[in-house]
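Heads up, the thing below is written out as structure tokens.
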């Protein structure tokens with residue numbers, strides 16, 4: 001006849017079973033944490049690689065929700081509307097003035113990007129405005145005037161070297177072109193100087209591969225209405 005199991009033995013078996021269950025639970029929790037970190041990593045990679053600001057914010061909010069933290073604050077948009085509203089105004093300006101072959105509108109993580117193609121704004125090799133440029137810049141200034149956001153003006157050249165007393169290299173030429181646009185906005189259109197940043201990149205930030213066929217696209221001025229507000 002089997003001996004009855006003592007109560008102390010039952011308690012010991014129960015404790016051992018509970019300890020095994022806890023070990024398994026801890027293992028599952030560790031696996032869950034690892035999967036969460038991997039998910040977060042890939043979401044961040046996707047968000048960073050996307051040039052669409054809206055997608056970036058959506059992915060960031062989704063990541064915050066998954067990790068149980070609050071959604072990040074959105075960057076402030078222009079007064080009276082979103083960055084999309086500014087983009088629509090600029091696109092209407094391009095379309096209404098039949099400038100689709102001369103000006104292009106896009107966007108990236110910095111904000112709304114407006115850029116000229118070829119020699120629409122400046123005469124070749126110089127900083128003199130082309131005949132139709134000032135009217136176009138005046139209309140762009142009217143849009144900028146209604147936003148409190150920073151505006152970055154970038155000068156870019158193609159890969160053709162320039163040498164001369166005034167512009168010894170493409171660095172001087174690209175920077176002078178950006179400065180000329182900023183001066184027009186400030187001195188002629190009376191916009192706030194604190195709102196602008198001017199920079200030149202010579203031929204080192206081409207939009208397309210630097211081939212002879214693409215020089216007209218890479219030789220440009222970019223006007224970026226940024227997501228951040230002026231100080």
The range 114-137 and the range 149-204 have their Cα centres apart by a whole-number Å value of 12 Å
Relative to the compact-globule estimate 2.2 N^0.38 Å (N residues), the Cα gyration radius of the range 83-229 stands at a ratio of 0.99
Least to most buried among 130, 226, by other C-beta atoms within 10 Å and fewest first, runs 130, 226
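Give me 142, 159 sorted ascending by neighbouring Cβ count inside 10 Å, so fewest comes first.
Starting with the residue having the fewest Cβ neighbours, the order is 142, 159.
A short reminder: the numbers here are calculations on the coordinates, not readings from a lab. This structure is a prediction, so every number in the text was calculated from the model and none was measured. Note that each Cβ is placed from the backbone with ideal geometry, even for glycine, and that neighbours are counted across all protein chains shown.
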